[in-house]
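Report on one structure; see the data block that follows.
The values are calculated or read from the model by the stated rules, or taken from the named source; none is laboratory data. Every value quoted in this text rests on a predicted model; they were computed, and no experiment measured them. In this analysis, Cβ positions are derived from the backbone assuming ideal geometry, glycine residues included, and neighbour counts consider all displayed protein chains.
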Amino acid sequence: MPKSEKLEFQTEVSQLLKLMINSVYSEKEVFVRELVSNASDACDKLRYLATTKEKLIQDDPDLKVKIQVNKKANSISFIDNGIGMNKKDLIANLGTIARSGTAQFIKEMSESKTKDLSLIGQFGVGFYSAFMVATDTQVTTRKAGENKIWIWKSDGESNFTIEESDDLDLLESNRGTKIDLILSKEGKDYLDKIKIEDIIRRYSDHISIPIFVTDGTEKKDESSEPVNSASAIWTRPKNKITKEQYKEFYNHVGQMFDDPWMTSHYKAEGKIEYTVLNFIPSTKPFDLYDPARENRLKLYVKKVFITDNCPELIPPYLRFLRGIIDSEDLPLNISREMLQNNPVVTKIRNALVKRTISDLKKKLLADRKSFEEFWNNFGPVLKEGIYEDFERKDSLLEIALFKNLNSDKLISLDEYIEAMPKKQKSIYFITGDSYQNIVNSPIIEGYKSRNIDVLILDDPVDSFWTSATPNYKEKDFKSVTRGVDDLSNIDGKKKDEKENKEDKSADPLINLLKEKLKDKVKDVRTSSRLTDSPACLVSDESAMDPQLEKILQQHNQLQQGVSLKIMEINPNHKLIKALTKMSKNKDSINKVEDAAFLLYEQSRIVEGDKPSDPIAFSKKLIETISASINS
Ligand code: ADP
């Protein structure tokens, strides 16, 4: 008998197991759903492999899951005749957590004091949920086409053992997996066949292979009926599927445990045929911003699962979709390489994108409130499409919603345009990293006081799409942080006499500021965009969006250095008036020079930047305060 080998769990697995074992999470029954789900996935994988290697399935072609309740032994077993695992698979799958987002999440959760375990339930913990009810877990498994049987054992502490066995009687089939759980005190509730059947009906009815439950008391032919419907849910007519059944399937296929926000089930018939059953979650998946931006759609061909790793199926900006596509046209033995540049896949993708956007538009028109919930979750992801998918740019902009200066409601671009004063030609926007900072920025004071609306764009993605999108429905996008303001041309209110005339009164100060700040700013000019503040910094018309510049700089991706800004001053401000006066007097020039420096530095701070020279700034500030106290 070969010796058993002791191996350590990856740290995150140990952390997760600790959370599981000590959990007070009440819905322990999810372990049934998770283990059945894994068994069904294992059968799906085998079915796919068997499309090219028929031998693997020949001796035992009826894929199934069996759950055995054994009161005497105080155990419950989950048995499948799916793909099985070899030693390497066992170590990789039941000793580590592959998805980086999940590992990170567990790490954070185990370090946090609050330990909100309902979150664990929300994202599904798969196999490890067994430890919520079991003191000991044993996995006996044989990979399809291989000889050896492997036994994995753990009591949920920091390690597990693996041993080899040649006892073929350990498994009923010549392949597959048997998971035995020795139940803990709390787990004993699950020694009840009726209870297990009820859980299966609730969570796993959609599983497309039959699930049988036995407790050894049935007469010979009694256990031959599966507990579930055992047909792929998307092949059933829509009116025969309940909301709960859709939800169960969504939970299973999407590894999401909320309610779907939108369910889309249809069959496309024509040159190419396929069935779609897709969902949009009502909450944000925790790995929505994973840099890989992978989609989670599963591709089936004629009901056979092919892959859940098909980047060609949907663009990254729709990665929040969950569900399946079942094609009638692709060959069953299609390989991953063949999926790339496959014309059928491209057609499905185009139709899927079009349909998804049009469904979203319908929802926007039919139920604004609900659409806004969707937008708050996934708007920033969808906006990636505005610059990544040129063809869909306009239809995405049509359904996009924005925060804005004039109201606390989200508005669409069409609504913005509708409300524009006649003389306003452009769609004004401002980008930044937080709504609060932006609305308090001096740059938009003039727009505020004149009731001219400005879109407040505070998602990082906004800096990218606005830089690549010149217009919408023939209206230019114009950043209020760039170029000369054209406020006085569109002012809805009566014009101020003074505003119309070119104001030259501040010229002496402007000349002095230009000289003193010549290394720091590109130009100094007066502006009508300021009402309460003395000065602000804006970018040149041709310069990069300042927020985009900031983001690129943070990621060391700015080729040339940060571009110099233009300082705009408010000639009607008390301080500017006083400084203008002082700049004409030789004796007070020094003070104006100090003020110029302070003015420049504080304008940077207001825009969320650091002072260019924090030490000099602080020193000058203290000197100025001291002087004003002493005087
Ligand atoms: P997930 O199912 O989300 O990948 P799990 O922790 O539930 O995570 O399972 C980890 C992996 O272990 C699975 O991806 C699969 O490769 C493997 N596995 C689990 N159960 C089985 C089974 N019954 N048969 C074959 N492989 C399995």
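Residues ASN228, ASN174: which one is modelled with pLDDT of 90 or more, surrounded by 15 or more Cβ atoms within 10 Å (Cβ to Cβ), in a loop (DSSP other than H, G, I, E, B) and within 37 Å of the chain's Cα centre (by Cα)?
It is ASN228.
For segment 35-61, enumerate the residues that are aliphatic (A, V, I, L, M) and under 15 Å from ASP308 (Cα atoms).
ALA42, LEU46, LEU49
Would you pick out the residues in segment 463-501 that are under 20 Å from ARG529 (Cβ atoms), modelled with pLDDT of 60 or more and assigned to a helix (DSSP H, G or I)?
Answer for segment 463-501, where residues must be under 20 Å from ARG529 (Cβ atoms), modelled with pLDDT of 60 or more and assigned to a helix (DSSP H, G or I): THR466, LEU487, SER488, ASN489, ILE490.
Can you tell me which residue within segment 154-171, out of those that are part of a helix (DSSP H, G or I) and either away from the ligand (no atom under 16 Å from the Cβ) or under 35 Å from the mean Cα position of the chain (by Cα) (or both), is surrounded by the most Cβ atoms within 10 Å (Cβ to Cβ)?
The first filter runs over segment 154-171 and keeps only residues part of a helix (DSSP H, G or I), leaving 168-170.
From what's left, either away from the ligand (no atom under 16 Å from the Cβ) or under 35 Å from the mean Cα position of the chain (by Cα) (or both): 168-169.
Numbers: LEU168: 10, ASP169: 7.
Selected residue: LEU168.
Residues checked against (1) polar (S, T, N, Q); (2) surrounded by fewer than 18 Cβ atoms within 10 Å (Cβ to Cβ):
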{"residue": "ARG368", "(1), (2)": "no, yes"}
{"residue": "GLU384", "(1), (2)": "no, no"}
{"residue": "PHE390", "(1), (2)": "no, yes"}
{"residue": "LEU397", "(1), (2)": "no, no"}
{"residue": "PRO421", "(1), (2)": "no, yes"}
{"residue": "ILE427", "(1), (2)": "no, no"}
{"residue": "THR431", "(1), (2)": "yes, no"}
{"residue": "TYR435", "(1), (2)": "no, yes"}
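When you check ASN451 against the structure, is it within 24 Å of ILE551 (Cα to Cα) and among the polar types (S, T, N, Q), yes or no?
Spelling it out, it is not the case that ASN451 is within 24 Å of ILE551 (Cα to Cα) and among the polar types (S, T, N, Q).
Which of the numbered conditions does LYS303 fail, given that it passes all the others? Conditions: (1) of a type in the set (Lys, Arg); (2) under 24 Å from ASP258 (Cα atoms); (3) at pLDDT below 95.
(2)
Check off (1) in the same structural domain as ILE325 (by TED's automatic domain parsing); (2) modelled with pLDDT of 90 or more; (3) within 16 Å of the ligand (Cβ to nearest atom) for GLY254 and give me the number that stays unchecked.
(2) is the only condition that GLY254 fails.
If you check THR51, THR141, which single one turns out to be modelled with pLDDT under 95 and among the polar types (S, T, N, Q)?
THR51
Considering only segment 147-182, state which residues are hydroxyl-bearing (Ser, Thr, Tyr) and either touching a strand residue (DSSP E or B) at 6+ places or on another chain (Cβ under 7 Å) or not assigned by TED's automatic domain parsing to the domain that holds ILE21 (or both).
SER154, SER158, THR161, SER165, THR177
So is TYR190 within 30 Å of TYR246 (Cβ to Cβ) and either surrounded by fewer than 17 Cβ atoms within 10 Å (Cβ to Cβ) or touching a helix residue (DSSP H, G or I) at 6+ places or on another chain (Cβ under 6 Å) (or both) or not?
Here the answer is no, as TYR190 does not meet what is asked.
Picking from ASP205, ASP198, which residue would you name as being surrounded by 13 or more Cβ atoms within 10 Å (Cβ to Cβ) and assigned to a loop (DSSP other than H, G, I, E, B)?
Only one candidate qualifies: ASP205.
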